[in-house]
Ligand SMILES: Cc1ncc(COP(=O)(O)O)c(C=O)c1O
């Protein structure tokens, strides 16, 4: 693999150094439009809120804004980033969990954002802070079912730390209503990287039944139903893509049918995807720093667990491609330079023979990659570049040794 959006990867590495995150603007925009037009086809009153936790670069947020997206934020700084990228309050959906008083103070200082709380206890803290009930509130419900690509990205069900167990949710809404809230929504997020369209319809059906149980006795008509994100991308060559059209159709059918049955009218259907919109538009370019023939063949590169945490954090897989494909293939372990034996990016994969200085590209690195980078082993966090149509520009500079020395110099 030697180009991204018609830009030579070697040119990017020479100009900006490695390791380097690169995002293809046209690809991320196309991902947004594919999902949006599938939803529009089957249920018009929908909104997509790109989840900033997947990728918080302001240029990325601006690209999504230009495409028509709204955003989901999970912390005060994510709200500030959204505002800097030009999003207005009503385009920001805030999702907390175990929200601190400081978080809540910040959130209530913002006008019009949709506040979604993880628990009733958060609502009580919010009331103490703001003294009066907010006009509108929603709660994240744990619908009792959860599914993710693997355990570490499953976010509902009995083991999940998120959301109000659905059996307790009625009380939360009742108390919120009694304290003066006038407008309501409901939310769930059951897991990430799901590739099975029917799963989403099943989860929506469950949420709608829960919503009916909660709202029917309280005389509440929900203004919106947020079904979260979780729309997957293939990380392996032989994995199928998520059939977005079928998924949108299945979701919309069950959603409309249940809205009609339960007398909900036509609430806004909100989706807050991250991975689906940006994962495959991101690339991590890295350079081979050393090759070792030991018990196994190890190819060491300048990107590792501090640059891209997902493999060491929860065993996620990312494809790795060599810039130069002319050498014969061999089985290798790709590792970083970090002092942890879990610093292995890929085990036993076939790659053309590599030598010091060669370039490799790690695929699907747009979501949950840069944002999880750390300065472990005091290695600087990489730069980010946007590419489109043979053009490129720096969108976040690399950390430098001076940044470190300034931090420590007090
Ligand atoms: C509350 C919430 N919404 C949306 C998302 C986005 O998920 P995904 O990137 O799988 O679409 C997440 C990710 O974990 C989340 O926690």
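The values are calculated or read from the model by the stated rules, or taken from the named source; none is laboratory data. Not measured: the values here are computed from a predicted model. Please note: Cβ atoms are built from the backbone with ideal geometry, for glycine as well, and neighbour counts cover all protein chains shown.
Odds and ends about this structure:
- Looking across region 296-317 at every residue that is crowded, with 24+ Cβ neighbours inside 10 Å and assigned to a loop (DSSP other than H, G, I, E, B), the one that is nearest to the ligand (Cβ to nearest atom) is identified as 308.
- Candidate set: region 191-222, residues that are under 20 Å from the mean Cα position of the chain (by Cα) and on the phi > 0 side of the Ramachandran plot; chosen: the one modelled with the highest pLDDT: 193
- Check on residue 82, modelled with pLDDT of 95 or more, in contact with a strand residue (DSSP E or B) (Cβ under 6 Å, 6 or more places away or on another chain) and more than 22 Å from residue 52 (Cα to Cα): no
- Count of residues meeting criterion [away from the ligand (no atom under 13 Å from the Cβ), more than 16 Å from residue 177 (Cα to Cα) and not in a helix (DSSP H, G or I)] in region 110-161: 10
- Looking across region 162-196 at every residue that is out of contact with any strand residue (DSSP E or B) (no Cβ under 9 Å at 6 or more places or on another chain) and not in a helix (DSSP H, G or I), the one that is surrounded by the fewest Cβ atoms within 10 Å (Cβ to Cβ) is identified as 180.
- In the set 130, 138, 121, 158, only one residue is in contact with a strand residue (DSSP E or B) (Cβ under 9 Å, 6 or more places away or on another chain) and surrounded by fewer than 17 Cβ atoms within 10 Å (Cβ to Cβ); that residue is 158.
- The residues listed here are 216, 192; of these, the one that is over 18 Å from residue 42 (Cβ atoms) and within 13 Å of the ligand (Cβ to nearest atom) is 192.
- Of all the numbered requirements in (1) assigned to a helix (DSSP H, G or I); (2) farther than 29 Å from residue 247 by Cα, residue 62 misses one, and that requirement is (2).
- Test: residue 216 is within 22 Å of residue 166 (Cβ to Cβ), surrounded by 21 or more Cβ atoms within 10 Å (Cβ to Cβ) and touching a helix residue (DSSP H, G or I) at 6+ places or on another chain (Cβ under 9 Å): no
- With respect to the conditions (1) farther than 16 Å from residue 276 by Cα; (2) more than 21 Å from the chain's Cα centre (by Cα), residue 188 lacks only one, and its number is (2).
- Count - residues of region 88-103 that are away from the ligand (no atom under 16 Å from the Cβ) and touching a residue at least 24 places away in the same chain (Cβ under 8 Å): 5
- Residue in region 36-55 that is surrounded by fewer than 21 Cβ atoms within 10 Å (Cβ to Cβ), away from the ligand (no atom under 16 Å from the Cβ), within 16 Å of the chain's Cα centre (by Cα) and modelled with pLDDT of 95 or more present: no
- Members of region 264-298 that are touching a residue at least 60 places away in the same chain (Cβ under 8 Å) and more than 16 Å from the chain's Cα centre (by Cα): 266, 267, 268, 269, 284, 285, 286, 287, 288, 289, 290, 291
- Residue 396, sole failed condition from (1) within 16 Å of the ligand (Cβ to nearest atom); (2) in contact with a helix residue (DSSP H, G or I) (Cβ under 9 Å, 6 or more places away or on another chain): (1)
- Flag if residue 322 is over 25 Å from the mean Cα position of the chain (by Cα) and buried (at least 18 other Cβ atoms within 10 Å of the Cβ): yes
One line per residue, one yes/no per condition, for (1) part of a strand (DSSP E or B); (2) crowded, with 16+ Cβ neighbours inside 10 Å; (3) touching a strand residue (DSSP E or B) at 6+ places or on another chain (Cβ under 6 Å):
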residue: 354; (1), (2), (3): no, yes, yes
residue: 360; (1), (2), (3): yes, yes, yes
residue: 368; (1), (2), (3): no, yes, no
residue: 380; (1), (2), (3): no, yes, no
residue: 393; (1), (2), (3): yes, no, yes
residue: 398; (1), (2), (3): no, yes, yes
residue: 406; (1), (2), (3): no, no, no
